[in-house]
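Reviewing the structure listed below.
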Amino acid sequence: MSSRDLRTRPSGRRPEAGHPAAGRPRTGRVGGGLLDPGQLLVSLPAALRKLDPRAMWRNPVMLIVEVGAVWTTILAVIGPSSFSVLIAVWLWLTVLFANLAEAVAEGRGKAQADTLRKAKKDTFARRLRGWTPGAAALGEEEVPAADLRRGDVVVVEAGQIIPGDGDVVEGIASVDESAITGESAPVIRESGGDRSAVTGGTRVLSDRIVVEITQRPGESFIDRMIGLVEGAARQKTPNEIALNILLAALTIIFLVATATMQPFVIYAKSANPGVPDSAALDGNGVTGVVLVALLVCLIPTTIGALLSAIGIAGMDRLVQRNVLAMSGRAVEAAGDVDTLLLDKTGTITLGNRQAAQFIPVGGVTEEALADAAQLSSLADATPEGRSIVVHAKETYGLRERSPGELAHADWIPFAARTRMSGVDVDGRRLRKGAAGAVAAWVREQGGQVPPALGETVDGIAAAGGTPLVVGEVRPGPDGAPRAEVLGVIHLKDVVKQGMRARFDHMRAMGIKTIMVTGDNPLTARAIAEEAGVDDYLAEARPEDKLAFIRAEQQGGRLVAMTGDGTNDAPALAQADVGVAMNTGTSAAKEAGNMVDLDSDPTKLIEIVEIGKQLLITRGALTTFSIANDVAKYFAIIPALFVTLFPGLDALNVMRLTSPESAILSAVVFNALVIVALIPLALRGVRYRPGPASRLLRRNLSLYGLGGVLAPFAGIKVIDLIIQFIPGIS
């Protein structure tokens, strides 16, 4: 197996106030926020506008209910009675509540879109004419930002707004992206590399950059964000379409069943002339009002009313975490992911090597080595240097001294030529750096390198760490300089806290985790074992990632990955869920189907949990809705026809007051249960990782059994209340 083969192991930032992501602490549990009752009132006008049949046709189940409400209203006007009027009112309320669920979900997105829209300012661009890399432009012209086209080159200086999405092709600048990400700290954008992408509407704080526009008019990043969070650009996912087809089929079945019931009822009524006429049953069979009410109660109105809201809320939960999903299909795919590809640096590890241990050699004490290592690192501003100072302070109690306290010291900065840094102070000359460089320096100063040094250095490298050697020259007892190696600093790629638990969490969800790294197989194996990932891909090149994703997909598995560079674009496009970092290149963001505005690769794990929560919520409420229909069947049919078919009395377990109260109670319950389930549809069913069989059992017991029992209790309570309405009992 080659070094690039797949190996198997034996085992944020705070957003600004006012931004959609502000004020939400990150927790291990996926949530969606609580429903503010005020949102219902605010969303009511939008719900009323959705009564337009041109909007209702997208939801076949609720369109049938609306048609039934219109027909019942006509019948109530022709033959008014308290029963027919109340049925008509509650059928309209059923449609309204369904629209309200969708309007509330969309309303939350519109609030976020308003914040984004403030970032979209009408501005002018300084377009360069005839610009070529390394040469001065032929001229500059001021044009409205809306007139910019892909390929135009503009210059932006400190204090100016970037007029459109693009890539920095010249210069480096500090950019305020708080309007997009909610993060107040500025970021660096520069030409070349993976930090070249800029977003229109953000502000340059310092310096000057030249930007090549990559967007088409009206298709900027902010435009797409606004369209998606408002729901205007949301398309139904394959699962939603399939479920809509199922619901439509069930509706047609119940429609045919209800229509064909009428001849049997007419015959039974004529055969039992002693049965008195009522508002529900007369010589012409079941009355029109009751037929419509019966149909509405039997078709799956609950899930039909909430299906769209569940999908919108799933997208909203991602937006709350500063992740922009380009389609609902991507969110669904995240819920079905089998394999996660995670970059080692910045995702699994902190990205900066940290001092983990001081290993003395040649009889030197640990405290002496720690003191020398700290002194030689005081002027080292790198993360590694700072970690050495902190480790010496925390482990050995050495006070952190500042370079200012040692005014007489001569600081030796790190140089690529020498591969060392250090300090000359109080007659001591300390050097810290690569093992070979420090060993050669000690020999040059007349010292000896102990044999144990090579074994220690090799052992650290074999364990996946980075060894730094500390050497010293100081006056000996006879006053002559004495050079020696003090010991080795073990720098290790520190695995982020809690990563092993998160990977155990993924494993419990049935997801395989793959660490992707450019490290050699030895180092990769050591880090993979410490982090707890399932497999690793060592010395991985972009083409290796792409080949691995294709191999997984050919095996019938869905793959998710993160990336930020142009070289990641092919793999991001191939992956079922490709999460591009907002700090990455335009090519990466175009290739992925999600963009993380916080550029936090570990968020991929949260995205998968949100996707699973969306699928579980949809399944749970579908189960509840169908179980509801079964229960309502046994609540309504026996009460309605017991006078014609006395044998049905055995099924009339609820003993409702009258056929009219049974029908009206079921219609009222059918409407109210939609409102009651709106918070759950928006928040999502709580997801706990575990085997699919356990989740299925939980849903069937909680939502299946609950869906059967809830109508019996709810309809009975409503019946006890409405029996006092004249014309109902």
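The values are calculated or read from the model by the stated rules, or taken from the named source; none is laboratory data. Just so we're clear, the structure is a prediction, and the values are computed from it rather than from any experiment. Note that we place each Cβ from the backbone using ideal geometry, even for glycine, and neighbour counts take in every protein chain shown. We work out accessible area using only protein heavy atoms, side chains counted, and drop any ligands, DNA or RNA first. Shrake-Rupley method; radii C 1.70, N 1.55, O 1.52, S 1.80 Å.
Being over 27 Å from the mean Cα position of the chain (by Cα) and surrounded by fewer than 18 Cβ atoms within 10 Å (Cβ to Cβ) is the filter here, so list the residues in the stretch 470-517 that pass it.
Matches in the stretch 470-517: ARG474, PRO475, GLY476, PRO477, ASP478, GLY479, ALA480, PRO481, ARG482.
Restricting attention to the stretch 639-675, which residues are open to solvent by 70 Å² or more (accessible area, probe 1.4 Å) and more than 19 Å from LEU295 (Cβ to Cβ)? Quick ask: steps written out before the conclusion?
So the first thing to find is which residues in the stretch 639-675 are open to solvent by 70 Å² or more (accessible area, probe 1.4 Å), and the list is 643, 645-646, 650-651, 653, 655, 672.
The answer is THR643, PHE645, PRO646, ALA650, LEU651, VAL653, ARG655.
In this structure, does ALA105 turn out to be assigned to a helix (DSSP H, G or I), modelled with pLDDT under 85 and either open to solvent by less than 30 Å² (accessible area, probe 1.4 Å) or among the charged types (D, E, K, R) (or both)? Before the answer, list the steps.
On the way: assigned to a helix (DSSP H, G or I): yes; modelled with pLDDT under 85: yes; either open to solvent by less than 30 Å² (accessible area, probe 1.4 Å) or among the charged types (D, E, K, R) (or both): yes.
Here the answer is yes, as ALA105 does meet what is asked.
I'm trying to understand the selection: among the residues of the stretch 296-332, which are closer than 20 Å to PHE624 by Cβ and outside any helix (DSSP H, G or I)?
ILE299, PRO300 - these are the residues of the stretch 296-332 that are closer than 20 Å to PHE624 by Cβ and outside any helix (DSSP H, G or I).
When the residues of the stretch 231-272 are narrowed to those that are among the β-branched types (Val, Ile, Thr) and under 24 Å from THR643 (Cα atoms), which ends up modelled with the highest pLDDT?
At the first step, the residues of the stretch 231-272 found to be among the β-branched types (Val, Ile, Thr) are 237, 241, 245, 251-253, 256, 258, 260, 265-266.
If we keep only those that are under 24 Å from THR643 (Cα atoms) too, we end up with 256, 258, 260, 265-266.
On the way: VAL256: 89, THR258: 83, THR260: 85, VAL265: 79, ILE266: 81.
Ranking the qualifying residues of the stretch 231-272, first place goes to VAL256.
Among the residues of the stretch 364-384, how many are part of a helix (DSSP H, G or I) and buried (at least 20 other Cβ atoms within 10 Å of the Cβ)?
First, pick out the residues of the stretch 364-384 that are part of a helix (DSSP H, G or I): 366-377, 383-384.
When the remaining residues are screened for being buried (at least 20 other Cβ atoms within 10 Å of the Cβ), the result is 369-370, 372-377.
Number of matching residues: 8.
Among THR523, THR517, which is the only one that is under 24 Å from ALA591 (Cβ atoms) and among the polar types (S, T, N, Q)?
Working: THR523 fails: under 24 Å from ALA591 (Cβ atoms).
Exactly one of THR523, THR517 is under 24 Å from ALA591 (Cβ atoms) and among the polar types (S, T, N, Q), namely THR517.
Looking only at the stretch 76-102, which residues are closer than 17 Å to ILE303 by Cβ and either hydroxyl-bearing (Ser, Thr, Tyr) or not in a helix (DSSP H, G or I) (or both)? Steps first, please.
So the first thing to find is which residues in the stretch 76-102 are closer than 17 Å to ILE303 by Cβ, and the list is 94-95, 97-102.
Across the stretch 76-102, the qualifying residue is only THR94.
For THR617, work out the one condition from (1) among the polar types (S, T, N, Q); (2) within 22 Å of PHE712 (Cα to Cα); (3) out of contact with any Pro (no Cβ under 6 Å at 6 or more places or on another chain); (4) in a helix (DSSP H, G or I) it doesn't fulfil.
THR617 satisfies every listed condition except (2).
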